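**Student:** Have a look at the structure that comes next, please.
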Amino acid sequence: MNPYQLSVTVTPRYLPEQSDPARQHYVFAYTVRITNTGGQPAQVISRHWIITDGAQRTEEVRGLGVVGQQPLLPPGESFEYTSGCPLRTPVGTMRGTYTCVGENGIPFEVEIPEFVLAMPRTLH
């Protein structure tokens, strides 16, 4: 059994005050909670996002850390942060992975499950 296990939950929301639908500019925030559900400490090193808008245009974003941090999570601890994503359509999706490293120094990937970004009243 892998002693390094992290779970990821994401809560997205539409930001009407930052959006301008007349200019095809839709802004979303998403709050991510990363929880160490394993038996050993693990550190989040980098992220890889795959963002797809309603027209199936895809953008990939890679970078070190999350919101400028590389949190070290002891077993049972969580790290939560909020970030944002602009889209050219009122609906899209995001998914990705975090690259983490355990105490043994070996990197491992943690999946970020796909979630929907949707302006209210655009999905039935």
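Where a number appears in this text, it was derived from the coordinates with a stated rule and is not lab data. Because the structure is predicted, anything quoted here is derived from the model rather than measured. Don't worry about glycine lacking a Cβ; one is built from the backbone with ideal geometry, like all the others, and counts go over all protein chains shown.
**Student:** Taking the Cα atoms of region 72-124, what is the range of coordinates along each of the three principal axes, in descending order and whole Å?
**Tutor:** Per principal axis, max minus min of the Cα coordinates gives 47, 19, 19 Å.
**Student:** Over all alpha-carbon pairs of region 5-74, lay out the pair-distance distribution in 10 Å bins, whole %, shortest bin first.
**Tutor:** Spelled out bin by bin, region 5-74 gives 16, 40, 30, 13, 2 percent.
**Student:** Let me ask something else about it. What do you get for trypsin sites (Lys or Arg not before Pro) in region 41-88 restricted to DSSP loop and a cutoff of at most 15 other Cβ within 10 Å of the site's Cβ?
**Tutor:** Those satisfying the criteria are 57, 88.
**Student:** Something else: Taking region 10-103, which chymotrypsin sites (Phe, Trp or Tyr not before Pro) meet the DSSP loop condition and have no more than 12 other C-beta atoms within 10 Å?
**Tutor:** Sparse-neighbourhood loop chymotrypsin sites (Phe, Trp or Tyr not before Pro): none present.
**Student:** Next question. Could you estimate the translational diffusion coefficient of the chain from the Stokes-Einstein equation, with Rh from the Kirkwood formula over C-alpha pairs, at 4 °C and 1.567 mPa s, in whole µm²/s?
**Tutor:** Using the Kirkwood radius from Cα pairs, D works out to 85 µm²/s.
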